[in-house]
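Okay, so here's the structure we're looking at.
The values are calculated or read from the model by the stated rules, or taken from the named source; none is laboratory data. Note that the structure is predicted; figures quoted are calculated from it, not measured. Reconstructed Cβ throughout: ideal geometry from the backbone, glycine too, with neighbour counts over all protein chains shown. Side chains are part of the model used for accessible areas, which takes the heavy atoms of the whole protein and leaves out ligands, DNA and RNA. Shrake-Rupley method; radii C 1.70, N 1.55, O 1.52, S 1.80 Å.
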Amino acid sequence: MTDGPRQRSSTAGSAKDGDKESGGGGVALKKEIGLVSACGIIVGNIIGSGIFVSPKGVMENASSVGVALIVWIVTGVITAIGALCYAELGVTIPKSGGDYSYVKDIFGGLAGFLRLWIAVLVIYPTNQAVIALTFSNYVLQPLFPTCFPPENGLRLLAAVCLLLLTWVNCSSVRWATRVQDIFTAGKLLALALIIIMGIVQICKGEYYWLEPANAFEPFQDYDVGLIALAFLQGSFAYGGWNFLNYVTEELVDPYVNLPRAIFISIPLVTFVYVFANIAYVTAMSPPELLASNAVAVTFGEKLLGVMSWIMPISVALSTFGGVNGSLFTSSRLFFAGAREGHLPSLLAMIHVKRCTPIPALLFTCLSTLLMLCTSDMYTLINYVGFINYLFYGVTVAGQIVLRFKQPNIHRPIKVSLIWPVIYLIFWAFLLIFSLYSEPVVCGIGLAIMLTGVPVYFLGVYWDNKPQCFDAFVDKMTYLGQKFCVVVYPAESSSSGSGEEGEEMKEAMSPLSKDDGDNHKSADC
């Protein structure tokens, strides 16, 4: 939401400056992300907690081992198609903010705001809550070998994890990146162990559930609606495939490296996911897998013996790093939204010395803690999967709309329209049968999204707000700045020139005007 006329001026100014930075003679983002780093961004953001959580949900809804494996493969293929469509949009509309920016530019401010609104309220907090719950589940499971860990204990440990990592991210960007580097090794160790042990099991002849006659033997009646939910569970595990679009401006030769990174990374992740699930069923029958709330831990207990402690520790490291990565990257969307005037300007401010987005991190932490109190993690996954797929489809549909609205716009990457059509057919199947099978879960997700409509008209569309309201917002922004010791980033507060620069200086609240000059030399 905008913070009244003064903040709206600042937002407009910073947006213009951003355009200058990306396309003119001003300061530009450094193009330092090569092909290997681009692949690392995609793979690192996709492989998080999903492969350790979703196998149970996919198997339960797929009704057989064979269909579950098909779900994992098809979801990987569809993810690759969606990523290819996003690649075209990413180089056609080279803006920060990813699909939020694409939807806003193609379908207008309200549609973009709803994407931002649902991401702020549901997608980021839910994703972080699910990963934090997975972390606590894998930490506590060895302490409760004969039963499930207590629900309150899971949520309490998840909350401690969130608070600790929020503090780390607020304290130092360097600390946050170090944490991410260290804990990435955990996920690689866990998945390598799972796949290697699965290969050993197959060599020993333990592949009963992989034989076609047994793989497609249902343990419950097949249901199209449930299979659609299986795809939603699988899509959660592939979440993060579109993150490279948030850093398109920083890619070396994006027209070449963006599609190459997609062609390398998505098949690699699909391979890892499919073989990890194959490994699971070499050691566990479907009933055993469904009875486990920590699939990888149960798998390790069956095959590693006295060394079974390695698996929960490895997965806990992976998910701990996943929470850190989600907290670290979510600020990009807040900055993009605040620059467009769709979020309070306080959320686009950083600490004057530490250069960390403390208000955005605190807001994300608070909303995630609230999400931990609402429901179990599998319902949270359904919320995220449904809403994410809803906007993925809207974004891909925007690619087709843009072809007709602006046929002559420069498209460095131009894919055949057959790919977005295939994606949208799958997308429609998924949404229709998800609504049919889980109308309450999907309905709640849609209702939460639609709450953004009155917020948009009152907070963004309504220009001439009462002076008392603007004064109140200014006061709250000022108090927030005092509390967090934050100001606008240098690019927004000092890069303007002429009238734009003066507008932006006028738009700064008292703290940023009084204290901004005192911190120009802060080492960011």
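Listed values, structure above:
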| quantity | calculated |
| --- | --- |
| Some residue of segment 443-462 being part of a loop (DSSP other than H, G, I, E, B), within 26 Å of L114 (Cβ to Cβ) and open to solvent by 20 Å² or more (accessible area, probe 1.4 Å) | yes |
| Top-ranked residue in segment 178-203 [being of a type in the set (V, I, T) and open to solvent by less than 50 Å² (accessible area, probe 1.4 Å); ranked as modelled with the highest pLDDT] | I195 |
| Options G398, G393: the member that is open to solvent by less than 20 Å² (accessible area, probe 1.4 Å), assigned to a helix (DSSP H, G or I), under 17 Å from G239 (Cα atoms) and modelled with pLDDT of 85 or more | G393 |
| Looking only at segment 128-148, and only at residues there that are of a type in the set (S, T, Y) and surrounded by 18 or more Cβ atoms within 10 Å (Cβ to Cβ), the one that is farthest from C373 (Cα to Cα) | Y138 |
| Counted residues, segment 242-276 - those being surrounded by fewer than 24 Cβ atoms within 10 Å (Cβ to Cβ), closer than 10 Å to I46 by Cβ and aromatic (F, W, Y) | 1 |
| From S101, S136, residue being touching a residue at least 40 places away in the same chain (Cβ under 8 Å), among the polar types (S, T, N, Q) and in a helix (DSSP H, G or I) | S101 |
| Residue list for segment 464-492, restricted to those being at pLDDT 85 or above and of a type in the set (K, R) | K475 |
| Test set (1) small (G, A, S); (2) without any contact (Cβ under 8 Å) to a residue 12 or more places away in the chain; (3) closer than 30 Å to T356 by Cα - G205 fails condition number | (3) |
| Residue identified as open to solvent by less than 20 Å² (accessible area, probe 1.4 Å), at pLDDT 85 or above and either small (G, A, S) or more than 27 Å from A62 (Cα to Cα) (or both) among A296, A279, A283 | A279 |
| Candidate set: segment 355-370, residues that are part of a loop (DSSP other than H, G, I, E, B) and either surrounded by fewer than 20 Cβ atoms within 10 Å (Cβ to Cβ) or β-branched (V, I, T) (or both); chosen: the one modelled with the lowest pLDDT | C355 |
